[in-house]
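S.K.: I'd like to ask you about the structure that follows.
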């Protein structure tokens, strides 16, 4: 069953044609990685799903429901969370407040949920009172992912979580994603192929604002020609 | 066909110029004075348009230049016995220096800072003029009066002011279509990109501010010569506000628009204010509507209409 | 200078600073979140004064009149945000500025139509008349009241911005609006609320100002420059910076007024040039 489908989605930003007909599906419960070179439209695809750069045409279905016409602030309520590319942890707020602000109106963050998050990111438990601006890059990334976990959403969109991280932080992020994967569907944008291929189920490769190919990750790992052609590995 | 478009484009302007040339022959003194004010504020508005419309920076202290020009001319004529024309080089140099100083002081700030700091500078200059310490030179709130006539008759003054407007208009046209002008527009459209290409954005803005300042200063001198008096109000926020209204209502970034705006604002001030007590409110409403729905000003209605007409006449096809 | 005199000047400096804080807080708040420099803030202050004085008389209740008028002024700015600002978001910030500039005419002329253009003096209510002795010097009760009001509003704003979810959203929105929307928050509603609050603060400030300047259509726009200078000195976008700058302005004006009275009118400019010369982004502004 597909949790997310996109059909011929075109997105324009400031007059530039960024997505030129993206068609993709993401299977429920799986981790799908979105690969591709810089500027191929990966981040825009994620933002278009979230409604932050609204689709000019085409259709986006989340659990069978068309969402491309919804407001950006309505889409998360369906059960979609975003971990953006720049992490975007609020620097003036403490870590605790960064999590609190993500809790949707009328809901409360349970002790259980907090334990679950701390279980995934053990270093978090010492960070709660720290301000966002005082965090290291790795800590910010943890908070950004944790912030997307507070609502127990069906679908997580994670944009380049390993960008600029030290190898040891990349490894702990890998373990964390492997844990999160058990309870949620993930679409992961990644440049680091080695990292991505170790945890993914499915893959999609973008080129020039379109999906060039996709399939099971095993096929890509065994196909060096394809890796070379699209990823320059 | 292109010649014909050309003719059509300039025909209304030519008719207008002819009407304005003939105007003094059959109009009252009052109408002439109003027309001269329109010419001078037209120049002032053109200078503001170079800054706001083409360079994209909103100064709220533009009257500093207008006031400087007026006071430099008045002081040199009254206290040192200079002729009007001999004061102009001093006006140009003075306004250029002030422009450089203000620019170096404020242009490094983000746009909104620039707006606020220039507003404060304008008030600062106004206070300097009206201060007790400078009273003996500037005449304080009373201003300076009794400047000698620079030409014999009112009609000659009228033609001088009109020629002044035409000269500055065509000069400004040349400037905005020169490489300098197109660079200014490029910076306005995308400052980041212009920086990346290697333009020194600060320098270009500085040049624009100086050019605009000199033009505004000349308008101020001319105003002093025509009214034969200067008032601290020339330097006040009210004068800046007038020029903003003219530029926005007429249409910024078009040079002709601000002149039309100047005519509109001055005619309204002269005629409407005596009929309606609350005309300023209508003015405010029109201003808000223009900002919301006609960001290119009232002149854009005319342009749209005319482009359609020309297109429909010749049915230009791909 | 005797210490008594010093204390006296200090107290008036501080109360002046508090008035400046009240005058500029609404502007700073709206600017920090919406990035709209609301030039009509002065006119809203003036409306707050006229409406407040009118309502206190009409309702014959000081506090009720003040609060109702401030709420109404807030609603004016909220409506302006909802119907006008909203059309311009994402475009050139210049147009928002020009829009608020045009509003000055509408608001000022409306006051002239309703209450006339002539200056109206305002009598202090009985409980604010008279003086108390502080450190052997008389001190006006009105100024004490203003201290109290300023402290209360400062504390209330601090609580709102730092201790409530709404405050978190405002603080986060100042930094990154897109991420706030991506968290499922309708930030447009927050914009409208912040404009209401900015107008509310302008309303209160105007009412207080009326006791010092009386009512006149220019009373608000006369303060606009002070407000802008304070916000720039504090650092555009920094609410705390504006509060500190307001106190500094009060101190500068009161002490310069004592030592060099002829320069007192220029005190705000002097402070501005010094601060911006040292730190162009203002006291607490981000670089």
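S.K.: Could you tell me how many of the residues in region C:96-130 are within 14 Å of chain B (Cβ to nearest Cβ) and either closer than 21 Å to residue C:31 by Cα or touching a helix residue (DSSP H, G or I) at 6+ places or on another chain (Cβ under 8 Å) (or both)?
M.R.: Residues in region C:96-130 being within 14 Å of chain B (Cβ to nearest Cβ) and either closer than 21 Å to residue C:31 by Cα or touching a helix residue (DSSP H, G or I) at 6+ places or on another chain (Cβ under 8 Å) (or both): 19 in total.
S.K.: When you look at residue B:61, is it within 14 Å of chain C (Cβ to nearest Cβ), surrounded by fewer than 22 Cβ atoms within 10 Å (Cβ to Cβ) and either modelled with pLDDT under 90 or within 25 Å of residue B:238 (Cβ to Cβ) (or both), yes or no?
M.R.: no
S.K.: Hey, could you check region B:121-141 for residues that are without any contact (Cβ under 8 Å) to a residue 40 or more places away in the chain and assigned to a helix (DSSP H, G or I) and say which is farthest from residue C:230 (Cα to Cα)?
M.R.: Looking at residues that are without any contact (Cβ under 8 Å) to a residue 40 or more places away in the chain and assigned to a helix (DSSP H, G or I), I get B:136.
S.K.: May I pose another question? I'm trying to understand the selection: among the residues of region A:2-25, which are closer than 11 Å to residue A:54 by Cα and at pLDDT below 90?
M.R.: Passing the criteria: only A:13.
S.K.: Pick from region C:148-165 the residues that are surrounded by fewer than 19 Cβ atoms within 10 Å (Cβ to Cβ) and over 30 Å from residue C:185 (Cβ atoms): which of them is nearest to the other protein chains (Cβ to nearest Cβ)?
M.R.: Only one residue tops the list, namely C:151.
S.K.: Could you please find all residues in region C:277-287 being within 11 Å of residue C:231 (Cα to Cα) and either in contact (Cβ under 8 Å) with a residue 60 or more places away in the chain or away from chain B (no Cβ under 11 Å) (or both)?
M.R.: Scanning region C:277-287 gives C:283, C:284.
S.K.: Of all residues in region C:125-147 being under 30 Å from residue C:40 (Cα atoms) and over 21 Å from the mean Cα position of the chain (by Cα), which is surrounded by the fewest Cβ atoms within 10 Å (Cβ to Cβ)?
M.R.: C:125
S.K.: Within region C:182-190, does at least one residue satisfy the condition of being more than 14 Å from chain B (Cβ to nearest Cβ), in a helix (DSSP H, G or I), crowded, with 23+ Cβ neighbours inside 10 Å and more than 19 Å from the chain's Cα centre (by Cα)?
M.R.: For region C:182-190, residues more than 14 Å from chain B (Cβ to nearest Cβ), in a helix (DSSP H, G or I), crowded, with 23+ Cβ neighbours inside 10 Å and more than 19 Å from the chain's Cα centre (by Cα): present.
S.K.: Among (1) assigned to a helix (DSSP H, G or I); (2) in contact with a strand residue (DSSP E or B) (Cβ under 8 Å, 6 or more places away or on another chain); (3) modelled with pLDDT of 90 or more, where does residue A:203 come up short?
M.R.: Unmet for residue A:203, out of (1) assigned to a helix (DSSP H, G or I); (2) in contact with a strand residue (DSSP E or B) (Cβ under 8 Å, 6 or more places away or on another chain); (3) modelled with pLDDT of 90 or more: (1).
S.K.: Considering only region B:94-103, I want to know if a residue exists there that is buried (at least 21 other Cβ atoms within 10 Å of the Cβ), in contact (Cβ under 8 Å) with a residue 12 or more places away in the chain, farther than 27 Å from residue B:160 by Cα and more than 8 Å from chain C (Cβ to nearest Cβ).
M.R.: yes
S.K.: What number of residues within region A:107-126 satisfy the criterion of being outside any helix (DSSP H, G or I) and at pLDDT below 90?
M.R.: Within region A:107-126, residues that are outside any helix (DSSP H, G or I) and at pLDDT below 90 number 4.
S.K.: Also, I was wondering about something else. From the list B:259, B:265, B:243, B:230, exactly one residue is crowded, with 18+ Cβ neighbours inside 10 Å, touching a strand residue (DSSP E or B) at 6+ places or on another chain (Cβ under 8 Å) and within 23 Å of residue B:219 (Cβ to Cβ). Which is it?
M.R.: Testing whether each residue is crowded, with 18+ Cβ neighbours inside 10 Å, touching a strand residue (DSSP E or B) at 6+ places or on another chain (Cβ under 8 Å) and within 23 Å of residue B:219 (Cβ to Cβ) leaves just B:230.
S.K.: Output yes when any residue across region A:105-126 is within 11 Å of another protein chain (Cβ to nearest Cβ) and either surrounded by fewer than 19 Cβ atoms within 10 Å (Cβ to Cβ) or under 17 Å from residue A:46 (Cβ atoms) (or both), and no when none is.
M.R.: Checking region A:105-126: at least one residue is within 11 Å of another protein chain (Cβ to nearest Cβ) and either surrounded by fewer than 19 Cβ atoms within 10 Å (Cβ to Cβ) or under 17 Å from residue A:46 (Cβ atoms) (or both).
S.K.: Could you pull out the residue among A:43, A:48, A:32 that is in a helix (DSSP H, G or I), surrounded by 18 or more Cβ atoms within 10 Å (Cβ to Cβ), in contact with a strand residue (DSSP E or B) (Cβ under 9 Å, 6 or more places away or on another chain) and touching a residue at least 60 places away in the same chain (Cβ under 8 Å)?
M.R.: Within the list A:43, A:48, A:32, the selection yields A:43.
S.K.: Take the residues of region C:166-178 that are touching a helix residue (DSSP H, G or I) at 6+ places or on another chain (Cβ under 7 Å) and within 7 Å of another protein chain (Cβ to nearest Cβ): which is nearest to residue C:285 (Cα to Cα)?
M.R.: Only one residue fits best here, namely C:171.
S.K.: Here is a further query. Could you count how many residues in region C:115-136 are within 20 Å of residue C:17 (Cα to Cα) and at pLDDT below 80?
M.R.: Here the count works out to 1.
S.K.: Could you grab me the full set of residues in region A:156-190 that are more than 20 Å from residue A:115 (Cα to Cα) and touching a strand residue (DSSP E or B) at 6+ places or on another chain (Cβ under 8 Å)?
M.R.: Those that are more than 20 Å from residue A:115 (Cα to Cα) and touching a strand residue (DSSP E or B) at 6+ places or on another chain (Cβ under 8 Å): A:157, A:158, A:159, A:160, A:161, A:185, A:186, A:187, A:188, A:189, A:190.
Here is a yes/no grid of residues against (1) within 11 Å of chain B (Cβ to nearest Cβ); (2) in a helix (DSSP H, G or I); (3) surrounded by fewer than 17 Cβ atoms within 10 Å (Cβ to Cβ):
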residue: C:237; (1), (2), (3): yes, no, no
residue: C:245; (1), (2), (3): no, yes, no
residue: C:266; (1), (2), (3): yes, yes, no
residue: C:275; (1), (2), (3): no, yes, no
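S.K.: In region B:142-163, what residues are in contact with a strand residue (DSSP E or B) (Cβ under 9 Å, 6 or more places away or on another chain), buried (at least 17 other Cβ atoms within 10 Å of the Cβ) and part of a loop (DSSP other than H, G, I, E, B)?
M.R.: Residues satisfying the conditions are B:143, B:147.
S.K.: Checking the structure you have, find out if any residue of region A:51-66 is within 12 Å of another protein chain (Cβ to nearest Cβ) and surrounded by 22 or more Cβ atoms within 10 Å (Cβ to Cβ).
M.R.: Yes, the conditions are met somewhere in region A:51-66.
S.K.: Related question: Taking residue C:220 as the residue in question, decide whether it is more than 10 Å from chain B (Cβ to nearest Cβ), surrounded by 19 or more Cβ atoms within 10 Å (Cβ to Cβ), in contact with a helix residue (DSSP H, G or I) (Cβ under 7 Å, 6 or more places away or on another chain) and over 18 Å from residue B:123 (Cβ atoms).
M.R.: no
S.K.: Taking the residues in region A:70-104 that are in a loop (DSSP other than H, G, I, E, B) and more than 8 Å from chain C (Cβ to nearest Cβ) as candidates, determine which candidate is nearest to residue A:54 (Cα to Cα).
M.R.: The selected residue is A:70.
To keep it simple, each residue is scored yes or no on (1) more than 18 Å from residue B:46 (Cα to Cα); (2) touching a helix residue (DSSP H, G or I) at 6+ places or on another chain (Cβ under 8 Å); (3) in a helix (DSSP H, G or I); (4) away from chain C (no Cβ under 14 Å).
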{"site": "B:112", "(1), (2), (3), (4)": "yes, yes, yes, no"}
{"site": "B:116", "(1), (2), (3), (4)": "yes, yes, yes, no"}
{"site": "B:119", "(1), (2), (3), (4)": "yes, yes, yes, no"}
{"site": "B:165", "(1), (2), (3), (4)": "no, yes, yes, yes"}
{"site": "B:169", "(1), (2), (3), (4)": "no, yes, yes, yes"}
{"site": "B:173", "(1), (2), (3), (4)": "no, no, yes, yes"}
{"site": "B:176", "(1), (2), (3), (4)": "no, yes, yes, yes"}
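S.K.: Looking only at region B:247-293, which residues are in contact (Cβ under 8 Å) with a residue 24 or more places away in the chain and part of a loop (DSSP other than H, G, I, E, B)?
M.R.: B:251, B:252, B:253, B:254, B:255
S.K.: Okay, moving on. Can you go through C:212, C:258 and tell me which one is away from chain B (no Cβ under 14 Å), surrounded by fewer than 18 Cβ atoms within 10 Å (Cβ to Cβ) and under 28 Å from residue B:280 (Cβ atoms)?
M.R.: Within the list C:212, C:258, the selection yields C:212.
S.K.: Kindly indicate whether any position in region C:207-214 is under 18 Å from the mean Cα position of the chain (by Cα), under 26 Å from residue C:36 (Cβ atoms) and outside any helix (DSSP H, G or I).
M.R.: No: zero hits.
The values are calculated or read from the model by the stated rules, or taken from the named source; none is laboratory data. Quick caveat, the model's predicted, so the values are computed rather than measured. Backbone-built Cβ (ideal geometry, glycine too); neighbour counts: all protein chains shown.
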